[in-house]
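FYI, it's all coordinate maths here, none of it is from the lab. Worth saying up front: this structure is predicted, and the values here are computed from it rather than measured. All Cβ positions, glycine included, derive from the backbone under ideal geometry; neighbour counts span all protein chains shown.
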Amino acid sequence: MDGLDAAPQGADDTPRWRRVLIRLRKPLLVLAGVGTVLGGLAGYLNAYRAVTSAPAAPSATATEQLPAGTLSIMLLPLANLSGDPGKDFLAEGLTAALTADLSRIQDAVIVPPQPALAIQARNLDLRTLYATTRVRFVLQGGVQLSGDAIRLTMQLIDAERQVPMWSERFDGSLQQLFKLQDDFTGRVRSAVGPATLLALQSEAEKRNSEPSVSEMLLRAAALGQHLDRFDDLEQAAGLARRALQAEPENMRATATLARTLFLQVYNFSSAETGWSTQDIDARLAEAATLARRVVDQGVRDPRMFSVLSGHALRIGQPSAARDWAERALRLDPNGAQTLLSVGDTLAALGDAETARQYTLRALSLQPPFPAPVAEYFNLSHYARLLDRPDEALDWARKLQAAAPQSPWSYLSLALSHGWAGQAAEAQAAGRELRRLLPRVRIATDVYDAAWERPWPGREADFQAHIERRIAAARLAGIPE
C-alpha cells in the first residue's frame, strides 16, 4: 500500500475503474432511491417501523421513532481523500455499498445514505446530532485510491457519550474490493455486537418500569444472545409473546419469537429440557409457522430462512432444507450466525467439508469474547464426519477450555477420544458428562434419528458413520 502514502495521483480512466463503478452502481442507485422517496431520517424511520411493527402515528418525529436503547447506526458519507474530484464516485459508491452491508446487522436500524448526507450537510456536532436524531453510533471516515490500491480509514463513535470506540484502517485493492467491505462490516458487527446490545437493554430498563414493545424486543434480543442459557431463551420467548399480544402485526416480534423457539429446540436436547418428541415437534412447527409469516410479508431476514431450513430437515425434506439455507447465505453471506446455520444444514446433508469451511469463516468473523463455543463444537463434529480424529480432538479441547462447565464440552471430548479409540480418556470425559447431564443418552444426545436422516445418495456412508459414532459413545460409557 505504499502508493497510498505518496501524493495523490491524477484521474485514472482504465477499464478497472469502470468495473469498480459497475460493482458499486447497483447499491448506490437502490439506496439513493430509497433515501429520495423517504425524504429524510424521519421518513425512513417511519417506514422502518411500518415494516417491522404496527403502523406509525402520522405525526411521528425522528426522535419518537427511536426509543431508549435502540441499536442504530449511521455511516456519514465518506470523504474522497485522493485529491482528485474525478474519484468522488468511489466515495459515494462505497458509502452506499457499505450501508447496504451494514443493513444486515441484526436488530439494528441503519440510516440510508440520503438522510445521512442531509444530516452531514448541517455540520452538526455529535451532541446535537444525537439530540436531533437519537442515532446511537456514527461511522465517519474517508477513502483514498492510488492506482489499484484502496485505503479506507474509519472511526466508530458512540454519539450519545461522544466517545470513539475504535479507529481503523482497511487496506485492499480494486480486485479485493468485496473483501475490504466484508472486513469493515465484520469489524462493525463485532464492535456493536452482543455486549453493546446488553448494555442498551440495561439502559432501557432503567428508563421505564413498564417496557414498551420496542424495549421488550430489545430485551428479548439481548437475552437471545445467550445461546447456551435455556432460561434466558425462555424469558426472550415470553417477552416476544407479550410484544405480539400488544401488536399482533409486528413482524420484528414475530421473527424474534420464531428465532427464539428455534434456538431452544436446536440448542438443547431433551436430556436438558425434559421435552418429549411431540413437544419438540410442536415448538419447531410453531417457529416455522411464524418464520413463514415473516417471509410471506416480504421481510428478508436470513434468520427466518435458517428456521425454515432446520424445520425442513426435521420433517425429512432435504431439498427444501438446502434451498432455504442457500437463500439465507445469498442474503447474508458474511453473517457469522448465518454461516454457522448453513454449515449445520450442509453437514446434515452429508457435505461436511463445505460445512467446515463456512464454520471456519464464521469463526474468523466472531469477536474473541465470549468464546465461540458453537463453532468449536460444530468443527469437532465435522472433523469426525470427515474422519479426522486429531482435528476433532483439537477442537474439542478448545471447547473444553472455553466452556469447562458445559456438558457439550465433555460430549465432544468423549466422542472424539472414543473415535480415536482412546478408551481411558473417552471414559474420563464420559464420567464428567454424566455428572453434568445425568439424563444424557445415546438415543437423544449422540444420535437422534428424528434430526438426522440418511445423506441423499450416500446412505451407506451415513450408516457407517452413525455406527462408528455410537461405538465411540459406548466406549465412553454413555448410556443407551
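Couple of notes before you dig in:
- Among 413-423, 313-323, sorting by the average number of other beta carbon atoms lying within 10 angstrom of each residue, highest first, gives 413-423, 313-323.
- Near MET165, the amide H atoms lying under 5 Å from its own belong to LEU156, ILE157, ASP158; only residues 5 or more places off or on other chains count, and H is placed 1.01 Å from N.
- Two-site label geometry, ALA118 and ARG242: point separation in nm, points 7 Å out along Cα→Cβ: 3.5
- Remark: the ASP148-ALA371 segment gains 76.6 nm on full extension, using 0.36 nm per residue and subtracting the alpha carbon distance.
- Phi-derived couplings, Karplus 6.51 cos²θ - 1.76 cosθ + 1.60 at θ = phi - 60°, listed residue by residue for the range 266-280: 7, 9, 10, 8, 5, 5, 8, 8, x, 6, 7, 4, 5, 4, 4 Hz, with x used for Gly and Pro.
- Computed Rg/Rh of the range 329-422, alpha carbon atoms with Kirkwood Rh: 0.97
- The simple spin-label model puts a point 7 Å past each Cα toward its Cβ; for ARG397 and GLU480 those points are separated by 3.4 nm.
- Debye log10 I(q)/I(0) for the range 382-431, one point scatterer per Cα, at q = 0.13, 0.15, 0.27 Å⁻¹: -0.24, -0.31, -0.97
- Relative exposure of PHE462, PHE178, PHE305, PHE137, judged by other C-beta atoms within 10 Å (fewest first): PHE178, PHE462, PHE137, PHE305
- The range 414-433 versus the range 95-174: alpha-carbon centroid distance in Å: 50
- Spin-label pair GLU353/VAL163, simplified geometry with 7 Å Cα→Cβ offset, distance in nm: 4.8
- Computing FRET efficiency as 1/(1 + (r/R0)^6) for ARG293 and GLU452, where r is the C-beta to C-beta distance and R0 is 35 Å, gives about 0.80.
- Based on alpha carbons, the Rg and Dmax found for the range 263-378 are 14.1, 38 Å.
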